[in-house]
1. For region A:24-115, report the convex hull volume of the alpha-carbon atoms normalised per residue, in Å³, without decimals.
2. Just to be sure I understand: if you take the accessible area of chain A alone plus chain B alone and subtract the pair, with a 1.4 Å probe, what total do you get in Å², rounded to 100?
3. Share of antiparallel DSSP beta bridges in region B:29-179, in percent to the nearest 5?
4. Take every DSSP beta bridge whose two residues both sit in region B:32-116, then give the antiparallel share in percent to the nearest 5.
5. Mind checking the mean number of beta-carbon atoms from other chains within 10 Å of the Cβ atoms in A:99-112?
6. For region B:176-192, in order, what is each residue's ³J(HN,Hα) by Karplus, 6.51 cos²θ - 1.76 cosθ + 1.60 with θ = phi - 60°, in whole Hz (x at glycine and Pro)?
7. For B:ASP158, B:ASP189, what's the largest-to-smallest order of accessible area, 1.4 Å probe?
8. If you take all C-alpha pairs in region B:238-307, what percent of them are over 17 Å apart?
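The values are calculated or read from the model by the stated rules, or taken from the named source; none is laboratory data. Computed from a predicted structure; not experimentally measured. Cβ sites come from the backbone with ideal geometry, for glycine too, and all protein chains shown count toward neighbours. Keep in mind that these areas ignore ligands, DNA and RNA; they rest on the heavy atoms of the full protein, side chains included. Shrake-Rupley method; radii C 1.70, N 1.55, O 1.52, S 1.80 Å.
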Amino acid sequence: MRSKEAIQIVRPAGTRYESMYLCLAMLVVILVSGTAILHRTRSDEQKVLLDYQMSGYGDLNSFEQGTFNDLYAAALEIDAYHDENDEKWPSIRELEDQFIPPFIHDQAWKKRGKLLWTQKVPNVKYTHVAAYMGKTSDPEVSGSFLLVMSHRHRAEGDNKSEAPDFHEDQPFRIWYYNHKSRLYSKRPRHPQRNIPFPDSFIIQNLIMKGWKEVVPYKGEDEIRRLNGEGYD
Amino acid sequence: MFCVKKVVVFTALLMFFLIPGENDSAFAGKRLCIGITLHPYYSFVKNIVEDRAEVIPLIEAGFNPHGYRPRPDDIKRVMEMDAIVVNGVGHDEFAFEIIEAARMKGKIQLIYANKGVALIPVAGTDTDQRIVNSHTFISITTSIQQIYNICDALMELDPANAKYYRKNARQYTARLRRMKAGYMKRFADIPDMDFRCASIHGAYGYLLQEFGLEVTAVIEPRHGLNPTASQLRTTIDKIRDLDVDVVFSEMHFQDKYVDTIHDATGVRLYSFSHITGGDYTKEKFENDIRINLESLINALTETYEKL
């Protein structure tokens, strides 16, 4: 004879709410983390380049990047020289004598396409302009470079119409020419070896002649990117 | 009538003393106290200001800036500073933590040494990955750019000494350029050859670039991370494929990875200084850059001799 079994039903505590609380907790964690990630994510916005510009960070090969970096540092020296020497521009010879690259014919110069530098100081009213062009000897290694320095000095009767063309917000600009570059939608007329020294350094003229302005990726751009700020 | 005259003179005098001139800065007349985050910046700033301003390292000598955690003393120190020179694109994130902790954000002038410096990517990385090489202080060319950036900022902060700072900056950069030219002459004596090198850290891109050299492979492309076994294997294979002549190691850096590569590939090892260790001195940058350039010349000479 079977003894009478005592049946006791044991219910799990909070069986109805346990899963719901767990789901809610997961939802809260996901929401909080999602918001935090969105809030903390850095903007990877790229610097916008215009049609006539190229990036000194991504569009130059390593030899050209070296020349560009040297030229960029040299522009600061030339600028300082101009300020301290009665607004004169240093000649190529003077730059070589001061060991300033990329003008000096050193090993790096040899490896980077032996750019031959010449200088032009045009007679521009009320704006002091000087240009230094480095024509490549080896187009397979490097394109040609042009450094345009421009200083605007306060003078009576200043010809304001010239100011925007030289972009007075910058004391210098660096330009690049490579007949074979993939950056051109339409190839420039002159092959690399015959490229003439431009007769005018107004931006529109340089663009028409096939020059591209090299825009550096500067520390301030990287700082802006790290702070998640956009570009103007 | 006399009273009116007196009032006018008094007001004019008051305005003369109270209204700041065009070139006056908030620190005019005060001896500046400038903080720096890394050793090269101590040398740069000290050479610019000489004894006309105080230069204080943000962290004491002997601490590694990589992964540095702020200490109470740092917070106390930062509160005395008028400005801090930072790299801003890497290596000195601790400075921002210290400034935040000291509640000095917005109250202290930040001088970004790299503000106008043209940056390059770490060698061997895709430009799309945008791994910016923050070691602009291990090169003469990019250091000259930084010296001018720092000098410009100091001239604005301290107009009374602006000319003096500018003169010192030009003399200092001229000395650095002469040093580089001297090595360039020695470099020119080495006959042309196809020199291929790798480095265990992506720090030396700027330095090698100014000598027209390229880093073929970087063993540790991301800062502070050691390569895994599989990455090391890939690098060894890469070095074998690329036929690299030398590997540039770091002074005081664990050589076990480089030794493994040496054993596996037979390439020679040379050390470079990262210029972020030891005492803060005015000559530190010049001394360490000289060590690096000697190491580079030795690497090139010995590679040529073995050809």
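1. On the way: hull volume 17.9 nm³, N = 92.
Enclosed volume per residue, from the Cα hull, is 195 Å³.
2. Details: alone 15530 and 16040 Å², together 28150 Å².
Roughly 3400 Å².
3. On the way: 1 of 12 bridges.
Bridges in region B:29-179 are about 10 percent antiparallel.
4. Values: 0 of 11 bridges.
Expressed as a percentage, antiparallel bridges in region B:32-116 total about 0.
5. Working: counts 10, 5, 8, 3, 0, 4, 2, 10, 13, 11, 3, 3, 6, 2.
Across A:99-112, the average partner-chain Cβ count within 10 Å equals 6.
6. Once θ is set to phi - 60°, the couplings for region B:176-192 become 5, 5, 4, 4, 5, 4, x, 6, 4, 5, 5, 5, 5, 6, 7, x, 4 Hz.
7. Details: B:ASP158 5, B:ASP189 125 Å².
Sorted by accessible area, descending: B:ASP189, B:ASP158.
8. So the pairs more than 17 Å apart make up 51 percent of the total in region B:238-307.
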